[in-house]
Amino acid sequence: MILEALLLTCIKRLNGERSSSAIFHILKGKRSIQTIQDIHMYRLTEFYSSAKNIRKADFNKEMQKLLRQNLIKKTDVEPKIATYLLTELGNEWLGKNIGSSSIHYFNGLTYANTSLKFYSRLVLLIQTFTNTTLNNYSFLPIVNDPETERWVKKIYSSSVYQPREILNQLYEELKKLFLYFTDEEAHLFIDRLTGFDQYGLSLDQLANKYGKSYLEVQLLITAMTQNMLQVVITNKKRFPFLTFIAADLQTENTLLTNSALITNRLLQKGHDIPAIAQIRKLKYNTIYDHIVEIAIHDRTFPIEKYVNKETQQSIMQAIQQTKSYMLKDIKENINHEVSYFEIRLVLSLIKNTTHSGDKRDK
């Protein structure tokens, strides 16, 4: 159910204005200017990088399944590009199932990079301390990550932390944390953990036990971990040791590409677009892409330096009139002298307004 709800929600919010490939790139966490702008404009930030390991073949299979079930339909806006809308049945399905689908656990833009590290630390720490308290020092670590192993070894070797105390503390904190989930979700997560003389179930085994697909189990664990982080970070006093596990992890995705970072440094030094293009030996359009990318992430970016107030207002009016974020639609309803670069810059403002959510889920 979580996968269907995820795809249907993305399709609903994109409103036929982006291709199915755009959804795939969002779920995979593609670091492109188009994908980053899409997640902000269409309020899909929580689903960014939610399914990093999904294969295109599996994604296409799920989309075809939704078509066969008459939950979605193809649009005829761009015949050569696969765009979709929800059918009446699809809207009904989403209305009935969205509340119990677990997709509200996702917080991808904030925790996509952090959640895997947090999860790895947690499961390896539990495995290590449950084994060593029973004098078993020859177990095979279930996490194959040198950085995580070094972190756990550091905790283990510290005289500040005693294994039994840590396990008791973790038990109490996890017991409280699992109250934020359903009983089935909590049991599924626990079944994945490895302790003394007991290995956690594989994703395939969990899928069989709980009647879900492999991909759904993977998505659920990712969503739960991201929600765990959100709960822990906002309730630090209730979860002191779990807060400690997450304390030094970066909790924001650094989405600016390296190339955009270089352009941003040159902008901050006072160089204009022609100068940056010459210094970096790049085309103007590439620098334009970088500036839009920077504007999306920087609330204080001086857009008026590139788009005057009158043009900004005209573009916003065109967006309101067309009820669309498609560049072509906006361009056709505005002064022909306004460039696509200017339109994209104004669109970068959308993520900081309530306008982007007003018309999407009604």
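The values are calculated or read from the model by the stated rules, or taken from the named source; none is laboratory data. Just so you know, these numbers come straight off a predicted model, no measurement behind them. A quick note on method: Cβ atoms are made from the backbone with ideal geometry, for glycine too, and the neighbour counts reach across all protein chains shown. Just so you know, the surface numbers come from the protein's heavy atoms only, side chains and all, with ligands and any DNA or RNA stripped out. Shrake-Rupley method; radii C 1.70, N 1.55, O 1.52, S 1.80 Å.
List of remarks:
- Within the stretch 126-150, tally of residues that are open to solvent by 90 Å² or more (accessible area, probe 1.4 Å) and over 14 Å from T194 (Cβ atoms): 5
- Of everything in the stretch 15-34 that is part of a helix (DSSP H, G or I) and at pLDDT below 90, the residue that is surrounded by the fewest Cβ atoms within 10 Å (Cβ to Cβ) is Q34.
- Sub-8 Å Cβ pairs linking a first residue in the stretch 95-117 that is charged (D, E, K, R) to a second residue that is crowded, with 20+ Cβ neighbours inside 10 Å and at pLDDT 90 or above, at least 6 apart or interchain, are K117/T148, ordered by first then second residue.
- Annotation note: of L85, L89, L109, the sole residue that is of a type outside the set (K, R) and either buried (at least 20 other Cβ atoms within 10 Å of the Cβ) or under 20 Å from the mean Cα position of the chain (by Cα) (or both) is L109.
- Residue that is surrounded by the fewest Cβ atoms within 10 Å (Cβ to Cβ) [pool: residues in the stretch 57-76 that are touching a strand residue (DSSP E or B) at 6+ places or on another chain (Cβ under 6 Å) and outside any strand (DSSP E or B)]: T75
- Selection count where residues are in contact (Cβ under 8 Å) with a residue 40 or more places away in the chain and farther than 21 Å from I2 by Cβ, scope the stretch 19-48: 8
- Verdict on H104 being part of a helix (DSSP H, G or I), out of contact with any strand residue (DSSP E or B) (no Cβ under 8 Å at 6 or more places or on another chain), on the phi < 0 side of the Ramachandran plot and open to solvent by 60 Å² or more (accessible area, probe 1.4 Å): yes
- Scanning the stretch 16-48 for residues being closer than 19 Å to V292 by Cβ and of a type in the set (D, E) gives a total of 2.
Yes/no matrix, rows are residues, columns are (1) touching a Leu at 6+ places or on another chain (Cβ under 9 Å); (2) under 18 Å from I221 (Cα atoms); (3) at pLDDT 95 or above:
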| site | (1), (2), (3) |
| --- | --- |
| N53 | yes, yes, no |
| L86 | yes, no, yes |
| S101 | yes, yes, no |
| T128 | no, no, no |
| N136 | no, no, no |
| F139 | no, no, no |
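- In the set (1) over 20 Å from I33 (Cα atoms); (2) out of contact with any helix residue (DSSP H, G or I) (no Cβ under 9 Å at 6 or more places or on another chain); (3) β-branched (V, I, T), T300 fails one condition alone, (1).
- Taking the numbered list (1) touching a helix residue (DSSP H, G or I) at 6+ places or on another chain (Cβ under 8 Å); (2) not in a helix (DSSP H, G or I) in turn, N135 passes all entries but (1).
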